[in-house]
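Comments concern the structure below.
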Amino acid sequence: MIGSGISRLIPVQMPPPFPFDFLRRLGELTPMELLWTFIGASPTFQSFTGLAGLAGGLLLLFPRTALLGALICAANLLMAVTLSLCYDLPFTPYLSFLLLLAVLLIAPDLRRLANLFLLDRAVEPAEEPVTARSPQLVMLLLALCVIVWTSISAGLRFKELYPPKPPFYGAWSVEEFAVNGEEVPMFTDPDRWQRVAIQEPGALDVELMIGSRKRFPKAAFSFAQPEPDVLILEGRRMRAKLRRMPLSSSWFHWILDMDEE
């Protein structure tokens, strides 16, 4: 729970979608890819789920807070198992086992919890378990190692997944495309460019009319931007006029006007 929580608190478990990912057809995505995409599209939501998992794992380390930690872990794992079953993830047995462990930790206090939340009865304080200090110190040391190792790994992964955006970052539709000075109309040539994604510093990802994808070195082209949403791209024998594609609106609104969307 601690390791998974950190990898979502530092949102790297579900990578963010890049411009070319937004251009993929919904039917091309597997259920797992669909789940990974919609969670990765909101790093804030992913961090929130990671914070909940991390809190549950940390509370399990101390006898006085173990029950609260088990309840938080059980709630997180119940949702994780549900998503795993509904989106065909390969982690269902592992997540189910963790959920079972959380339930076993809650089981000794089920009667007290039922009296408190369901039957409105007085509940006596739980007897604090007698635990030896040595095993508890070992657990705390192991937890500290997991926190340090996972944080370092997630930090390195974060730099890889969230690099500085290159110039003209985004997805562009190809309005005009010419080869050797001759205009290539839409739907007449399977090799005509249809869309362009600029998401990495040294590469240009192109979707052709037939739907296949090609990657070109960015240095092979010159770029000019006569208007904010228009890009002129010229290569050795070709010239293309690109227009920026608005892939998504701003990430948050207090009130969403459905008519405008």
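The values are calculated or read from the model by the stated rules, or taken from the named source; none is laboratory data. These numbers were taken from a predicted model, which means no experiment stands behind them. A quick note on method: Cβ atoms are made from the backbone with ideal geometry, for glycine too, and the neighbour counts reach across all protein chains shown. With ligands, DNA and RNA removed, areas are computed over all heavy atoms of the protein, side chains included. Shrake-Rupley method; radii C 1.70, N 1.55, O 1.52, S 1.80 Å.
Within the set of pairs 6 or more residues apart or between chains, which connect a residue that is closer than 18 Å to Gly57 by Cα inside the range 142-166 to a residue that is among the charged types (D, E, K, R) and part of a helix (DSSP H, G or I) with Cβ atoms less than 8 Å apart?
none
Any residue in the range 123-139 that's over 15 Å from Ala66 (Cα atoms): show its pairings with residues that are modelled with pLDDT of 70 or more and open to solvent by less than 100 Å² (accessible area, probe 1.4 Å) at Cβ separation under 8 Å, as long as the two are six or more apart or on different chains.
Close Cβ pairs (under 8 Å, with a partner that is modelled with pLDDT of 70 or more and open to solvent by less than 100 Å² (accessible area, probe 1.4 Å)) amount to Val123/Arg112; Val123/Asn115; Val123/Leu116; Glu124/Arg112.
Of these, Arg195, Arg121, Arg215, which one is more than 30 Å from Gly5 (Cα to Cα), assigned to a strand (DSSP E or B) and open to solvent by 90 Å² or more (accessible area, probe 1.4 Å)? Let's see the steps before the verdict.
Working: Arg195 fails: open to solvent by 90 Å² or more (accessible area, probe 1.4 Å); Arg121 fails: assigned to a strand (DSSP E or B).
That would be Arg215, the only listed residue that is more than 30 Å from Gly5 (Cα to Cα), assigned to a strand (DSSP E or B) and open to solvent by 90 Å² or more (accessible area, probe 1.4 Å).
Got a sec? Which of Leu142, Leu113, Leu156 is open to solvent by less than 50 Å² (accessible area, probe 1.4 Å), assigned to a helix (DSSP H, G or I) and either touching a Ser or Thr at 6+ places or on another chain (Cβ under 7 Å) or of a type in the set (A, V, I, L, M) (or both)?
Details: Leu142 fails: open to solvent by less than 50 Å² (accessible area, probe 1.4 Å); Leu156 fails: open to solvent by less than 50 Å² (accessible area, probe 1.4 Å).
Being open to solvent by less than 50 Å² (accessible area, probe 1.4 Å), assigned to a helix (DSSP H, G or I) and either touching a Ser or Thr at 6+ places or on another chain (Cβ under 7 Å) or of a type in the set (A, V, I, L, M) (or both) holds for just one of Leu142, Leu113, Leu156, which is Leu113.
Of the numbered conditions (1) surrounded by 15 or more Cβ atoms within 10 Å (Cβ to Cβ); (2) in a strand (DSSP E or B); (3) not β-branched (Val, Ile, Thr), Phe168 satisfies every one except a single condition; which is it?
So Phe168 meets the others, but not (2).
Residues that are in contact with a helix residue (DSSP H, G or I) (Cβ under 9 Å, 6 or more places away or on another chain) and open to solvent by less than 40 Å² (accessible area, probe 1.4 Å): which helices (runs of 4 or more DSSP H) entirely in the range 19-103 hold 3 or more of them? Reasoning before the result, please.
On the way: elements: 19-22, 31-40, 43-59, 66-86.
Ranges flagged: 31-40, 43-59, 66-86.
Just give me the residues in the range 171-185 being open to solvent by less than 80 Å² (accessible area, probe 1.4 Å) and not in a strand (DSSP E or B), in sequence order.
Hits for the range 171-185 are Gly181, Val184, Pro185.
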